[in-house]
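Right, one structure below, let's go through it.
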Amino acid sequence: MADTLTKDILHDLKEATENRDADRLRRMTVGLHPQDLAQVVEAFTNLEDASFLLSLLEEETFAQTIAFLDETKREKLLTRLSAREIAEKVLENLDSDDATDVIQDLPEERQREVLQEIDDTAHAGDIAELLEYDEKSAGAIMAKELVKVPLHASLIQCVREIRRQAADTDDIYAVYVVDNDGILQGILPLKKLLLAPTNARLEDIIDRDVISVKATDSKEKAAELMRKYDLVVLPVVDGMGKLLGRITIDDVVDVIQEEAEKDYALASGLSENVSSADNLTVIARARLPWLLIGLAGGILGSRIIGQYEEQLQIHPEMAFFIPLIAAMGGNAGVQSSAIMVQALANQTAFRFSVLYRLLREFLTALLTGGVCAAALLTYGFVFTDNLGLSITVGTALLTVIIIASVMGTLIPLMLYRFKIDPAVATGPFITTSNDIVGLFVYFSVGRLMYGNF
């Protein structure tokens with residue numbers, strides 16, 4: 001059983017590496033998972049220390065550790081290796097999908113040099129083929145390693161093929177059955193193979209209702225199919241149905257994590273994925289667009305307030321509730337948009353009509369806004385002697401929450417319709433737009449109502 005990486009183990013590994021204690025490091029790394037070793041390597045700021053630790057690992061562990069590294073750290077470490085070393089120590093010890101992930105970080109000229117150094121020409125061909133796919137496609141994350149048998153094979157022949165092909169395939173979840181042209185005809189689960197009578201025909205026991213994904217489809221579609229149908233592996237085919245490879249659950253988990261990080265960045269007002277390790281220019285470039293939009297929204301909001309300067313001079317107490325109106329409108333909008341973005345992500349958004357969803361959101365906002373307005377009126381009745389202001393602010397608050405909630409539902413749907421990631425609606429976009437709308441509604445309601453009390 002692999003040991004779990006703890007702070008104490010991490011500290012001891014770093015200490016032994018800095019002291020160049022090779023014997024101690026070999027003993028300590030024997031039971032560690034490559035993912036944990038990658039975490040140790042990423043903890044080093046000195047590349048010399050990272051390279052020393054990696055040099056002590058067995059080739060297969062070394063390759064898997066490299067594959068688990070963050071792209072930035074991996075790219076730096078690969079520059080310290082020759083093309084031959086990358087081919088022999090890394091790529092030849094990884095499945096085609098993981099090998100492709102590693103090599104695609106390199107410049108194109110360097111990629112060609114490394115591929116030429118791979119002794120297994122079939123493996124090199126698989127990697128070269130995967131590099132041709134768009135990085136957002138399902139083909140880019142598939143592995144070429146799998147077990148397939150011809151449709152008319154006997155069960156004994158099927159078992160022989162499994163044994164022969166298993167040497168090049170790490171995990172076997174099912175056997176893929178193809179015809180003479182390589183077209184996917186069905187899947188043979190291992191349980192069915194074990195329980196089938198020895199004289200059974202393969203074509204009679206396979207599952208022909210195969211869920212597959214095209215190599216040109218998006219990797220998000222592959223992840224959604226595996227989530228929806230609770231799959232651990234998904235076959236990948238071309239436009240004619242020819243079996244090309246398979247996507248396993250570990251690759252889909254990476255896709256889901258990438259999408260979650262991207263959506264979180266967009267919702268937080270970042271135009272691209274960044275980390276604390278990136279340089280200041282990259283971080284600033286990611287933050288500036290939405291900050292500038294927020295600045296423009298703030299200026300527009302101040303202009304709206306300026307239009308009602310005379311009203312504020314007559315009723316300066318209205319200024320006290322400007323932050324409340326802006327904050328409540330923003331919060332209501334973000335809540336409703338977050339629910340809608342989630343519905344769009346898990347493909348449940350269109351189970352009902354748009355009109356039905358807007359009506360539901362209106363009624364929800366009416367209920368929640370009514371409770372908030374009632375709480376505000378109660379506060380005004382108990383703690384102030386200006387009932388007119390409380391009724392005005394309460395009415396404005398109810399109106400703002402309704403408008404913000406409906407906008408929070410409608411805007412993600414519109415963005416989705418125009419093929420723009422709806423996640424952009426859950427952050428500064430909704431907040432800024434609702435601040436502007438909220439202020440306009442607040443002062444409009446105030447002008448209509450407050451002067452009459």
Next on the checklist: For segment 21-54, give me each residue that is of a type in the set (Lys, Arg) and surrounded by 12 or more Cβ atoms within 10 Å (Cβ to Cβ).
Outcome noted: 24, 26
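Would you check if residue 401 is within 30 Å of residue 291 (Cα to Cα), β-branched (Val, Ile, Thr) and out of contact with any helix residue (DSSP H, G or I) (no Cβ under 6 Å at 6 or more places or on another chain)? Walk me through it before giving the result.
On the way: within 30 Å of residue 291 (Cα to Cα): yes; β-branched (Val, Ile, Thr): yes; out of contact with any helix residue (DSSP H, G or I) (no Cβ under 6 Å at 6 or more places or on another chain): no.
Criteria not met by residue 401.
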Checklist entry - Which ranges mark the helices (runs of 4 or more DSSP H) fully within segment 130-247 that have 2 or more residues being over 30 Å from residue 261 (Cα atoms)? => result 155-166, 190-195, 202-205
Item to check | Residue among 106, 151 that alone is touching a strand residue (DSSP E or B) at 6+ places or on another chain (Cβ under 7 Å), surrounded by fewer than 20 Cβ atoms within 10 Å (Cβ to Cβ), more than 27 Å from residue 20 (Cα to Cα) and not acidic (Asp, Glu) | outcome: 151
Checklist outcome for this item: In segment 1-20, anything in a helix (DSSP H, G or I), of a type in the set (A, V, I, L, M, F, W, C) and surrounded by fewer than 16 Cβ atoms within 10 Å (Cβ to Cβ) is listed as 10
Checklist entry - Can residue 61 be described as of a type in the set (Val, Ile, Thr) and farther than 28 Å from residue 253 by Cα? => result no
Checklist outcome for this item: Counting only residues in segment 207-228 that are without any contact (Cβ under 8 Å) to a residue 40 or more places away in the chain and within 24 Å of residue 149 (Cα to Cα), the one nearest to the chain's Cα centre (by Cα) is identified as 226
Checklist outcome for this item: Subset of segment 224-247, residues small (Gly, Ala, Ser) and surrounded by 20 or more Cβ atoms within 10 Å (Cβ to Cβ), comes to 245
Item to check | Scan of segment 342-383 for residues that are modelled with pLDDT under 85 and small (Gly, Ala, Ser), ordered by number | outcome: 343, 345, 349, 353
Next on the checklist: When you check residue 176 against the structure, is it within 24 Å of residue 122 (Cβ to Cβ), modelled with pLDDT of 90 or more and outside the structural domain of residue 344 (by TED's automatic domain parsing), yes or no?
Outcome noted: yes
Item to check | Unmet criterion (only one of (1) buried (at least 21 other Cβ atoms within 10 Å of the Cβ); (2) over 13 Å from residue 64 (Cα atoms); (3) among the β-branched types (Val, Ile, Thr)) for residue 121 | outcome: (1)
Checklist entry - Listed residues 369, 330; which is buried (at least 19 other Cβ atoms within 10 Å of the Cβ), more than 24 Å from the chain's Cα centre (by Cα) and without any contact (Cβ under 8 Å) to a residue 40 or more places away in the chain? => result 369
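The values are calculated or read from the model by the stated rules, or taken from the named source; none is laboratory data. Owing to the predicted nature of the structure, the values given are computational and were not obtained by experimental measurement. Glycine also receives a Cβ, built like all others from the backbone with ideal geometry; neighbour counts cover every protein chain displayed.
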